[in-house]
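The values are calculated or read from the model by the stated rules, or taken from the named source; none is laboratory data. Note that the coordinates shown come from a computational prediction; the quantities given were computed from them, not determined experimentally. Neighbour counts run over all protein chains shown; Cβ positions are idealised from the backbone, glycine included.
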Amino acid sequence: MKSRLIVSGWLLACLTSGPALASGAEDFYRTKPAMRMIVSSSAGGGYDMLGRLSARYFTKYLPGEPQIVVQNMPGGGGVTATNHLYMIAAKDGTVIGHIDRGMATAALLYGANSQTQFDATKFNWLGSMSREVGVGLVAKNSPARTLADMRQREIVIGTNGPETDSAMYARVSNALLGTKFKVVFGYPGQVEYYLALARGEVDGIFMTGWSGPNRITALKDIERGQVDFFVQMATSRHEDAPNTPTMRELIKDEKDKQILDILMSRLDLGRPYLVPPGVPADRVALLRKAFDLTAADQDFQAEATKVGIKIDPISGEAAQKMIAGMYQTPTEILSRMQAIVQIAK
C-alpha cells in the first residue's frame, strides 16, 4: 500500500507540471468510458499475459481510470495487428498496441518482401517492459541436435510468421553459421510453436522472448531431457545456459559480427507498447508517463514475477530514438543485412 501511495504521489506531481501534460489531455481521458489494448499474439503467451496485467495497472495512472479492454489480434507474427494500428485504429489515444518486437524493423529488414503497411518511425512508442535474450531449442528426437549436425542435415524450425525474430534468427543462422534450417510458419504465437516442439511437429524453435512465462516450461523440459539449448542470441551467455555459445561467439567475420549486433539490438525492444501516429502530443506524453509509472509500480513488478515475466523497462523516448537510429543504418550494411535475413519465396 505504501508503494502505491508513493507512486500515486509521483503521478500527481507529474500530471500537474509541465506544458506537455496539459489539462486538455487529462480532461480527454476523464471522459472516456473505455480504451483498447491490441495485443499482436494469441491468448496465453507472454505478450498476452503481460498485456492483460499491464492494462490493469496502466489505467490507474490515467485520469479518470478509464477501463482498458484487451483484444488479441494474432496474424503474420504481429503484422496484422500493427497494420491495423497504423491504418485503421483510432488516432485519438484510446487505442494502445502491445506488439511483437520484430515489427519495429520488419520493413527495414525485408523491404519489398515485407507484408508491413506502416512506417515504424511514425508510431508513438510508449516504451518496452523488458529487454530480451533469445535461445535456440531443439527436441530430443530431432535428427540433428548439435550445431555441427545442423550444418549437415536439414531440420524444421517452427515459428509464427516470416517477419518475426524467431524466423529471422533461423535465417541468420543459415547464412552465418551454415545450418540447414527449414522454417515453417502458421503458429499463432510462441505458446503454439513451443507446443509443436514438445509434440514433435517441429524439430526446433528460436525462443526470442526468454524473459516470458514459456521460459519456466522450457527449463522444466530441459531438466527432463525433452529439449536442449543449442545456441543463444545475446551479447553474453545467459545464466540459464552457461555452456551454450552465443551466435556472436561462433561468427568469425567482423563485418558479420557488426550486422549481428545491429540485429540483436532489437532485443532491447523486448515487450514494446505504442500508439498510432496522429495522436495529439499531450496525450502521447501523458500515456508515456502512465507507462513509466506502471513499469515502476512494485505491485505490478511482483505480479509479473509470479507469472515468470521479468520487468526491465526502457522509456518511450529511448525506444523512439532507438528505432529512428536503426532506420539510419548505412546502405552498405543494410543491404548485407537484407541479404542475410531475406525471406525465401
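The strands (runs of 3 or more DSSP E) found wholly in segment 86-165 and carrying at least 3 residues that are within 24 Å of Val284 (Cα to Cα) occupy 95-98, 124-128. Look at Gly209 and say whether it is surrounded by 18 or more Cβ atoms within 10 Å (Cβ to Cβ) and under 22 Å from Gly127 (Cβ atoms). Here the answer is yes, as Gly209 does meet what is asked. Looking only at residues of segment 166-202 that are under 21 Å from Ile216 (Cα atoms), assigned to a helix (DSSP H, G or I) and not hydroxyl-bearing (Ser, Thr, Tyr), we find that the one that is farthest from the chain's Cα centre (by Cα) is Arg199. Evaluate the following for Thr294: is it closer than 30 Å to Asp27 by Cα and out of contact with any strand residue (DSSP E or B) (no Cβ under 6 Å at 6 or more places or on another chain)? Taking the combined requirement at face value, the residue satisfies it.
Can you tell me how many residues within segment 255-286 are over 19 Å from the mean Cα position of the chain (by Cα) and either outside the structural domain of Val231 (by TED's automatic domain parsing) or in a loop (DSSP other than H, G, I, E, B) (or both)? So the answer is 10. Within segment 242-252, can one find any residue that is outside any loop (DSSP other than H, G, I, E, B), of a type in the set (Asp, Glu) and within 25 Å of Glu163 (Cα to Cα)? Scanning segment 242-252, I find at least one residue that is outside any loop (DSSP other than H, G, I, E, B), of a type in the set (Asp, Glu) and within 25 Å of Glu163 (Cα to Cα), so the answer is yes.
Against the criterion of being assigned by TED's automatic domain parsing to the domain that holds Arg288 and either among the aliphatic types (A, V, I, L, M) or modelled with pLDDT of 95 or more (or both), Phe181 does not qualify. Looking only at segment 329-341, residues that are in a loop (DSSP other than H, G, I, E, B) and surrounded by fewer than 15 Cβ atoms within 10 Å (Cβ to Cβ) come to 1 in all. Scanning segment 298-328 for residues that are surrounded by fewer than 19 Cβ atoms within 10 Å (Cβ to Cβ), assigned to a helix (DSSP H, G or I) and of a type in the set (Gly, Ala, Ser) yields Ala302, Ala318, Ala324, Gly325. In segment 251-274, what residues are closer than 15 Å to Thr329 by Cβ and β-branched (Val, Ile, Thr)? Answer for segment 251-274, where residues must be closer than 15 Å to Thr329 by Cβ and β-branched (Val, Ile, Thr): Ile259, Ile262.
A quick yes/no check of all residues on (1) surrounded by fewer than 19 Cβ atoms within 10 Å (Cβ to Cβ); (2) of a type in the set (Val, Ile, Thr); (3) within 19 Å of Gly77 (Cα to Cα):
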site	(1), (2), (3)
Ala139	no, no, no
Ala144	no, no, no
Ala148	yes, no, no
Val172	no, yes, yes
Gly178	yes, no, no
Val184	yes, yes, yes
Val202	no, yes, yes
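If the condition is being surrounded by fewer than 19 Cβ atoms within 10 Å (Cβ to Cβ) and out of contact with any strand residue (DSSP E or B) (no Cβ under 9 Å at 6 or more places or on another chain), then segment 266-281 contributes only Pro280.
On inspection, Ser130 does not qualify as closer than 30 Å to Pro242 by Cα, modelled with pLDDT of 95 or more and surrounded by 22 or more Cβ atoms within 10 Å (Cβ to Cβ). Taken together, Thr121, Thr105, Thr116, Thr94 contain a single residue that is of a type in the set (Ser, Thr, Tyr) and under 15 Å from the mean Cα position of the chain (by Cα), which is Thr105.
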